[in-house]
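Colleague: Starting off with a structure, shown below.
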Amino acid sequence: MGEAAWPSLPDCFFIRRGVILNLFKRLRRGNLGDNIFGFVVLLFGVSILVIMAGIVFQLWLQSAPSREKFGWSFLWSTAYDVQRQNYGAGVFIYGTLVTAFIALILAAPVGVGIAAYLVEIAPRRLNRVVGSMVELLAAVPSIVYGLWGFYALNPFLRDYIAPPLQAVLGWLPPFSGEFVGTSVFTASVVLAIMILPTVAAVSRDVLRAVPDAQREAMLALGATRWEMFSRAVLPYAKSGVLGAAILGLGRAAGETMAVTFIIGNNPQIFKSLFGQGATIASEIAAKWQEASGLTLPVLMELGLVLFAITIIINISARLLVMLLVRGPRGGLRA
Amino acid sequence: MSYLHEISEPVVEVQDLNMYYGAFKALDSVGMKIAKNRITALIGPSGCGKSTFIRGLNRMHETVPGARIEGKVLLDGEDVYAENVDPVRVRRKVGMVFQKPNPFPTMSIYDNVIAGIKLGRRHKKSELDEIVERTLNQAALWGEVKNKLKDSGMSLSGGQQQRLCIARTLAVEPEVILMDEPASALDPISTQKIEDAIQDLKKSYTVVIVTHNMQQASRVSDYTGFFFIEEMGAPGQLWEFGETERIFSNPKRKETEDYVTGRFG
Ligand SMILES: Nc1ncnc2c1ncn2[C@@H]1O[C@H](COP(=O)(O)OP(=O)(O)OP(=O)(O)O)[C@@H](O)[C@H]1O
Ligand SMILES: [Mg+2]
């Protein structure tokens, strides 16, 4: 979790075609130093692709028995039958997407709120304090979140949050049923806290990139600070904020240890958030040690699916950002 | 130096205004009266505090971290810096057009114009249509955009964007409009259009315009204020103020004369 915790905006989601193009141009121009430099950089770039391809290839190879047995229907089958050796990814994809989405719904407003506070309101000194506190949040190891979620958050949610939620929304299936020891709900809340730094940091960078001229334009029209933020800053930054949110979604989908601890690892299509479930990552983490026979290839194929999901999420984040940036506003914006 | 005696019925009266950025004093005891339904031009060398001064009139100065202000700015006789005055209300009465056009990129041309009035009470659609047409006309932009009001404000040229920003400011119906070098980034034709628009505005608004262009100041304005800094690091002062004609033909101070005749600055 620590490594990509406080990402800076340009590295995160702007595709930098220009860099590679420039490299080729430089190569052709033929300055020796630049040539060597360009070659080395190219080598690093290519090596990442090679590693990725290697991983996919391995997963593909090792999941062969599973793929042959279940075919494409593995993707949507919700079967989980140890006796008959019948497995599907459906349950786990469902668990992964639901927890990630709930985490995002919880984290996005808070993350954007923190970012807005830091950029628009906080005095400089406080800015640094809050900023490093959020950073600290990102540096906490995943397993610690797992322990905390299990021993501290879970009882708290069970005793203080779930009852009122049930009292008001209990007639809705997601909020009905009993709050068991470990739950999808707790896992989602922990995930939300874990992706908060990403959402907050990227949103902060995005909001900071909004030109002051936009703020002054709105203020000079007689806007309050809140109106300035909601009508000038946020619309200007919305594509970037969306990118921040989807990046958070991607991280939530891939998160493993904490979820494995908390979610109960019960492969079922849960109806209530207070029940147990399983995500792809938690299933792999929980089962790989005792895997034998067909289960290992099944786990490998699950890994392949998770890989595909995170890549799809990331690519769609980039596409969305690009579309929105190009969208209605035409030239003047970079 | 103070030139309070020249105008009998001011909309804005500035008294002994000192403005600071942190420890740096940018303006020193400026006094000025701004005449109703007249155009007041502010000229002076770069860095002498013209922008700072007009940002003191609509309380935009205080949005800069560390910025501070002393003195009085009376708008219709009421001090805008008085304890109980909401800066938001001041800015509704004293609008501002910035040096660089800054339309809202996510809004259409139409929405840009009404961005300010949507902050206030609700308006009927027909009312809004009327306001959009009227203000775009006043800003001399209507003819060029009337068939593409739904297009993005960014689809316009720089000069058109600036006129859009003028229309946006007019829509709020301020009493006073501050313009900080509104045409400095524009070509001569766009500049001409903006000057024409400003001339028309005089009928119903009071305009204060900062400009580096002497011809522009002498063409459009009724009164002119010359700001000056005596030496590097010293605060800017209102060096001379008076009717434009007199400032340009018969300045009282040598620095003013040097500046308006283009000998330095
Ligand atoms: N945000 C700021 N922070 C600190 N100092 C500032 C700030 N804005 C302006 N100043 C300083 O205040 C002084 C007056 O600046 P101001 O922008 O008002 O000058 P100006 O007359 O508008 O110049 P120009 O004609 O170049 O626009 C300058 O010395 C400038 O460096
Ligand atoms: Mg200026």
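Colleague: Would you check if A:VAL144 is in a helix (DSSP H, G or I) and either within 14 Å of another protein chain (Cβ to nearest Cβ) or surrounded by fewer than 20 Cβ atoms within 10 Å (Cβ to Cβ) (or both)? Steps first, answer last, please.
Modeller: Details: in a helix (DSSP H, G or I): yes; either within 14 Å of another protein chain (Cβ to nearest Cβ) or surrounded by fewer than 20 Cβ atoms within 10 Å (Cβ to Cβ) (or both): yes.
The answer is yes for A:VAL144.
Colleague: (1) in the same structural domain as A:ASN266 (by TED's automatic domain parsing); (2) touching a residue at least 60 places away in the same chain (Cβ under 8 Å): which one isn't true of A:ILE55, the others all being true?
Modeller: Among (1) in the same structural domain as A:ASN266 (by TED's automatic domain parsing); (2) touching a residue at least 60 places away in the same chain (Cβ under 8 Å), the lone unmet condition for A:ILE55 is (1).
Colleague: Let me ask you something else. Which of the residues belonging to region B:52-88 are near ligand 1 (Cβ under 8 Å from one of its atoms) and either at pLDDT 95 or above or more than 14 Å from every other protein chain (Cβ to nearest Cβ) (or both)?
Modeller: The answer is B:THR52, B:PHE53, B:ARG55.
Colleague: Pull out all pairs, ordered by first then second residue, where Cβ-Cβ is under 8 Å, the residues are six or more apart or on different chains, the first lies in region B:143-163 and is away from every other protein chain (no Cβ under 14 Å), and the second is in a strand (DSSP E or B) and open to solvent by 20 Å² or more (accessible area, probe 1.4 Å).
Modeller: Listed pairs, sorted by first residue: none to list.
Colleague: Let me ask something additional. How about region A:259-292: which of its residues are small (Gly, Ala, Ser), without any contact (Cβ under 8 Å) to a residue 40 or more places away in the chain and farther than 17 Å from A:ALA100 by Cβ?
Modeller: Correct list: A:ALA286, A:ALA291, A:SER292.
Colleague: Okay, moving on. Output the helices (runs of 4 or more DSSP H) that fall wholly within region A:156-227 and possess 3 or more residues being in contact with a Leu (Cβ under 8 Å, 6 or more places away or on another chain) and not hydrophobic (A, V, I, L, M, F, W, C), or say none.
Modeller: Values: elements: A:162-169, A:184-208, A:212-220.
By residue number, A:184-208.
Colleague: Moving on to the next point. Is one or more of the residues making up region B:157-176 within 15 Å of ligand 1 (Cβ to nearest atom) and either buried (at least 22 other Cβ atoms within 10 Å of the Cβ) or closer than 28 Å to B:TYR20 by Cα (or both)?
Modeller: Step one: list which residues in region B:157-176 are within 15 Å of ligand 1 (Cβ to nearest atom), which gives none.
Checked against the condition, which is being within 15 Å of ligand 1 (Cβ to nearest atom) and either buried (at least 22 other Cβ atoms within 10 Å of the Cβ) or closer than 28 Å to B:TYR20 by Cα (or both), region B:157-176 yields no hits at all.
Colleague: Scanning region B:89-102 for residues that are more than 8 Å from chain A (Cβ to nearest Cβ) and assigned to a loop (DSSP other than H, G, I, E, B), which turns out most open to solvent (accessible area, probe 1.4 Å)? Can you show your working first?
Modeller: Step one: list which residues in region B:89-102 are more than 8 Å from chain A (Cβ to nearest Cβ), which gives B:90, B:93-94, B:97, B:99, B:101.
Filter once more, so that each one left must be assigned to a loop (DSSP other than H, G, I, E, B): B:99, B:101.
Details: B:GLN99: 80, B:PRO101: 31 Å².
Checked region B:89-102; the qualifying residue most open to solvent (accessible area, probe 1.4 Å) is B:GLN99.
Colleague: Out of region B:194-212, which residues are in contact with a helix residue (DSSP H, G or I) (Cβ under 7 Å, 6 or more places away or on another chain) and open to solvent by 20 Å² or more (accessible area, probe 1.4 Å)?
Modeller: Listed by number, the residues that qualify are B:GLN199, B:ASP200.
Colleague: Continuing with the same structure: Can you go through A:GLY254, A:GLY170 and tell me which one is modelled with pLDDT under 85, more than 12 Å from every other protein chain (Cβ to nearest Cβ) and open to solvent by 10 Å² or more (accessible area, probe 1.4 Å)?
Modeller: Selected residue: A:GLY170, the only one of A:GLY254, A:GLY170 that is modelled with pLDDT under 85, more than 12 Å from every other protein chain (Cβ to nearest Cβ) and open to solvent by 10 Å² or more (accessible area, probe 1.4 Å).
Colleague: Continuing with this model, one more query. Would you confirm whether any residue within region B:176-189 is touching a Phe, Trp or Tyr at 6+ places or on another chain (Cβ under 8 Å) and more than 16 Å from ligand 2 (Cβ to nearest atom)?
Modeller: So far as region B:176-189 goes, yes, one or more of its residues are touching a Phe, Trp or Tyr at 6+ places or on another chain (Cβ under 8 Å) and more than 16 Å from ligand 2 (Cβ to nearest atom).
Colleague: Those residues that are within 16 Å of ligand 2 (Cβ to nearest atom) and more than 20 Å from B:VAL12 (Cβ to Cβ), I need them from region B:81-131; list them, please. Quick ask: steps written out before the conclusion?
Modeller: Kept after step one, since they are within 16 Å of ligand 2 (Cβ to nearest atom), are these residues of region B:81-131: B:96-102.
Once the filter is applied, which keeps residues that are within 16 Å of ligand 2 (Cβ to nearest atom) and more than 20 Å from B:VAL12 (Cβ to Cβ), region B:81-131 yields B:GLN99, B:LYS100, B:PRO101, B:ASN102.
Colleague: Still on this structure, I have one more. Only one of B:VAL210, B:VAL260 is away from every other protein chain (no Cβ under 14 Å) and within 16 Å of ligand 2 (Cβ to nearest atom). Can you tell me which?
Modeller: B:VAL210
Colleague: Next question, about the same structure. Could you say whether any residue in region B:36-51 is more than 14 Å from chain A (Cβ to nearest Cβ), more than 16 Å from ligand 2 (Cβ to nearest atom) and open to solvent by less than 40 Å² (accessible area, probe 1.4 Å)? Spell out how you get there, then give the answer.
Modeller: Step one: list which residues in region B:36-51 are more than 14 Å from chain A (Cβ to nearest Cβ), which gives B:36-50.
Within this subset, residues satisfying the condition of being more than 16 Å from ligand 2 (Cβ to nearest atom) are B:36-39.
Next, from what is left, pick out any that are open to solvent by less than 40 Å² (accessible area, probe 1.4 Å): B:39.
Yes: one or more hits.
Colleague: From the set of residues in region A:74-105 that are farther than 20 Å from A:THR260 by Cβ and assigned to a helix (DSSP H, G or I), which is most open to solvent (accessible area, probe 1.4 Å)?
Modeller: Out of the qualifying residues, it is A:ILE105.
The values are calculated or read from the model by the stated rules, or taken from the named source; none is laboratory data. Note that the structure is a prediction, hence the values are computed from the model and not measured. Cβ atoms come from the backbone with ideal geometry, glycine included; neighbour counts cover every protein chain shown. With ligands, DNA and RNA removed, areas are computed over all heavy atoms of the protein, side chains included. Shrake-Rupley method; radii C 1.70, N 1.55, O 1.52, S 1.80 Å.
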